[in-house]
Structures are given as C-alpha cells and as structure tokens.
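Everything below concerns the one structure shown next.
The values are calculated or read from the model by the stated rules, or taken from the named source; none is laboratory data. Values in this document were obtained by computation on a predicted structure and should not be read as measured data. With ideal geometry, Cβ positions are generated from the backbone for all residues, glycine too; neighbour counts draw on all protein chains shown. All accessible areas refer to the heavy atoms of the entire protein, side chains included, with ligands and DNA or RNA removed. Shrake-Rupley method; radii C 1.70, N 1.55, O 1.52, S 1.80 Å.
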Amino acid sequence: LLACNPGLAGLIHEAIGDGWVRDLDALRALEPFAADPEFRRRFLGVKQANKQRLAQLAAARHGVAIDPASLFDVQVKRLHEYKRQLLNALHIAALYLRLRDDPEQDIVPRTFVFGAKAAPGYHLAKRIIKFINTLGEVLAADPAVRGRLRVLFLPDYCVSLAETIIPAADLSEQISTAGTEASGTGNM
C-alpha cells in the first residue's frame, strides 16, 4: 500500500496517523470515515487517479485507449485453468452477445483487464490468452458495444505491473476453484 498506492496511503495517514503502517489492526480507525462525504470524495479521487495512471500505461505501452470512467474489472494472476481466466472470458463473451441481441440494454461501461504469465509449454494457456486478445479485438471493432465493453490483456505480468493495475481495480476477480488458490502477490 505504501509503495504502490501512495495516494491512498497519504489519505489514510491524514485520517488516522501512521500507526497502521506497522499495525494493520489500526486501520479499524478508518471505519467512522465511511460516513464522511469529504473523505469518500477524496477516496474516490485517489481511485480515479490510479485508474488514469493505468489508462496512461495502456496507451503508452500498447496503444490501447481505455476509459478511466468505466468500471475496471480486473483479473491478474498466473494463467492457469483452475484460476478460471477462461471462465471470465466466456462471461465477457456472454455479455457481448446479450448486448448484440439487445443494444438498448443499460449496462455500466466496463473495462476488463487481464494480466498473466504462463509456462512456455502450457499450450492451453496460450490458447486462452489468444482467446482473450481476440475477444478484445472483436469488442474494439464493434460500434454496438464501443464505450460499453472493453478487454485489455497486459502481457509480461509482474509485481511492478501489479503495482499499477491493482490500485486501479474497481472489482478484483478471485474466481479460482475452491482450495486451489495460493496466497500470491495480489495479497501483498
């Protein structure tokens, strides 16, 4: 939190001091601020700045424009069948087909962000990555969903990239099969 989300760390620091840095139980002192409109406004400002930073990274590294005002639905982790990136991608495809069938549907504009690495010999993982990227291309090319659904796959996922992605997430997908997910870098 201190390293990858300095805006949020600073806001917490202002609200409750620095004791939380060494004692996470001290974060309970933030609970009363949940009802404070000014604190919530500033919290959302920090989130929006983090989303803008991710949008700038996507544009600079990959030439992809993503809307920081959209909901950032994020799944970043090592790519593996039990981590269910394919299930998430199929969910996106289903949303897309529903929108194609009913273009007037009112949905929250959503940007799906994937970040993953896979073992070089893991053929199915490569196919899943290809599917996610192809799905992103289809959505980007379809004017019926432009501005409503977007998919971004960020290659070479690592801790440094996670430090930009995770603070920008509105929704973090943790959909691994029960009992199979290790405590990974996302927890850190």
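Quick grid of which residues meet (1) under 28 Å from GLY10 (Cα atoms); (2) at pLDDT 95 or above; (3) touching a strand residue (DSSP E or B) at 6+ places or on another chain (Cβ under 7 Å); (4) surrounded by 15 or more Cβ atoms within 10 Å (Cβ to Cβ):
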residue	(1), (2), (3), (4)
ALA29	yes, yes, no, no
PRO32	yes, yes, no, no
ASP36	yes, yes, no, no
PHE43	yes, yes, no, yes
LEU86	no, no, no, yes
LEU90	no, yes, no, no
LEU95	no, yes, yes, yes
ARG100	no, no, no, no
ILE107	no, no, no, no
field: Cross-chain or 6+ apart pairs with Cβ under 6 Å, the stretch 97-110 first and over 10 Å from VAL145 (Cα atoms) and in contact (Cβ under 8 Å) with a residue 60 or more places away in the chain, then in a helix (DSSP H, G or I) and open to solvent by less than 100 Å² (accessible area, probe 1.4 Å)
entry: none
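What about ALA49, is it open to solvent by 40 Å² or more (accessible area, probe 1.4 Å) and at pLDDT 95 or above?
Working: open to solvent by 40 Å² or more (accessible area, probe 1.4 Å): yes; at pLDDT 95 or above: yes.
When the stated conditions are applied, ALA49 passes them.
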message: Let me spell it out: the conditions are (1) open to solvent by 50 Å² or more (accessible area, probe 1.4 Å); (2) in contact with a His (Cβ under 9 Å, 6 or more places away or on another chain); (3) small (Gly, Ala, Ser), and ALA116 meets all of them except one. Which number is the exception?
response: (1)
query: For the stretch 52-79, which residues satisfy the criterion of being at pLDDT below 95 and surrounded by fewer than 19 Cβ atoms within 10 Å (Cβ to Cβ)?
result: ARG61, HIS62, GLY63, VAL64, ALA65, ARG78
field: Per-region count, the stretch 134-163, residues polar (S, T, N, Q) and more than 14 Å from PHE114 (Cβ to Cβ)
entry: 1
- request: Scan the stretch 135-157 and report the pairs whose first residue is more than 15 Å from ILE66 (Cα to Cα) and in a loop (DSSP other than H, G, I, E, B) and whose second residue is open to solvent by 20 Å² or more (accessible area, probe 1.4 Å) and at pLDDT 95 or above, with Cβ atoms within less than 6 Å and a gap of 6+ or a chain change.
  value: none
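Tell me, yes or no, whether the stretch 161-173 has at least one residue that is under 13 Å from LEU86 (Cα atoms) and modelled with pLDDT under 95.
Looking only at the stretch 161-173, we keep the residues that are under 13 Å from LEU86 (Cα atoms), and these are 173.
Still in the running and modelled with pLDDT under 95: 173.
Looking through the stretch 161-173, at least one residue is under 13 Å from LEU86 (Cα atoms) and modelled with pLDDT under 95.
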message: Please go through (1) open to solvent by 30 Å² or more (accessible area, probe 1.4 Å); (2) under 27 Å from ASN5 (Cα atoms) for ALA168 and return the number of the only condition it doesn't satisfy.
response: (1)
- request: Report the residue count in the stretch 46-67 for those that are in contact (Cβ under 8 Å) with a residue 24 or more places away in the chain and under 29 Å from ILE16 (Cα atoms).
  value: 7
